[in-house]
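Okay, structure first, notes after.
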Amino acid sequence: MRVLWSESAKTSLADVLDYTLEHFGPRQVTVLTRQIKSTIAKIETFPESSPIEYLLKDAPFQYRSALVIKQIKIVYRLEGDAIYITFVWNVLQSPKNVLSKL
């Protein structure tokens, strides 16, 4: 399966990495980046293994979320032979904030 990133996913990833750099330093950005890449590789191999995101159950598509670390999730949906990453979610954010960006 191919992985496609939405603009909101790219923006939210940049926000998460900027926050991490500002508060935890460049080493943690490197660690987080590796963890994100590893999580995406798992999603590519087993796209339906992540649970359906309950907090987004009323969204127009069926979204799944893969936990990267305790407070970071990758939200994605499956369509045909593609995995659309729609948002990188810091779970401390309100689900309404995420819904508004989907």
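Throughout, read-outs are computed from the coordinates displayed, never taken from laboratory work. Everything numeric in this text was worked out from a predicted model, so none of it was measured. So basically every Cβ, Gly included, is an ideal-geometry build from the backbone, and we count neighbours across all protein chains shown.
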Using 7 Å Cα-to-Cβ label points, what is the R34/E22 separation (nm, one decimal)? 2.6
In Å³ per residue, the alpha-carbon convex hull of segment 1-53 encloses 92
Quick one: putting +1 on the C-beta of Lys and Arg, -1 on the C-beta of Asp and Glu, what dipole do you get for segment 2-101 around its Cα centre, in Debye to the nearest 20? 220
3J(HN,Hα) from dihedral phi, segment 68-78, Karplus parametrisation 6.51/-1.76/1.60, rounded to Hz, x for glycine, proline: 8, 9, 3, 10, 10, 10, 9, 9, 8, 9, 9
Mean ellipticity per residue at 222 nm, deg cm²/dmol - from DSSP H runs of n ≥ 4 across the chain, formula -39500 (n - 2.57): -14500 deg cm²/dmol
For the chain, longest principal axis from Cα atoms; helix 7-24 axis from its Cα atoms; angle between them, nearest 10 degrees, is 30
Using the Cα atoms as the points, what is the convex hull volume per residue of segment 4-87 in Å³? 93
Which chymotrypsin sites (Phe, Trp or Tyr not before Pro) from segment 36-70 combine a DSSP loop assignment with at most 15 other Cβ atoms within 10 Å? F61
Number of Lys-Lys pairs in segment 2-101 under 24 Å by Cα, sequence gap 8 or more or different chains? 21
Residues with amide H under 5 Å from that of Y63, placed H, sequence gap 5 or more: E53
Hey, can you grab everything whose amide H is under 5 Å from the amide H of I83? Only 5+ residues off in sequence or another chain; H modelled, so Pro and N-termini drop out. R2, V3, L4
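Over the chain, calculate the relative contact order: mean separation of alpha carbon pairs under 8 Å at least 6 apart, over the residue count, as a percent.
That works out to 33 percent.
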Between V68 and residues 5 or more places away or on another chain, which pairs have amide H atoms under 5 Å apart, with H built 1.01 Å from N, and which residues are they? K73, I74
Size of charge dipole - segment 1-54 - debye, nearest 20, with Cβ of Lys, Arg +1 and Asp, Glu -1, no other charges: 300
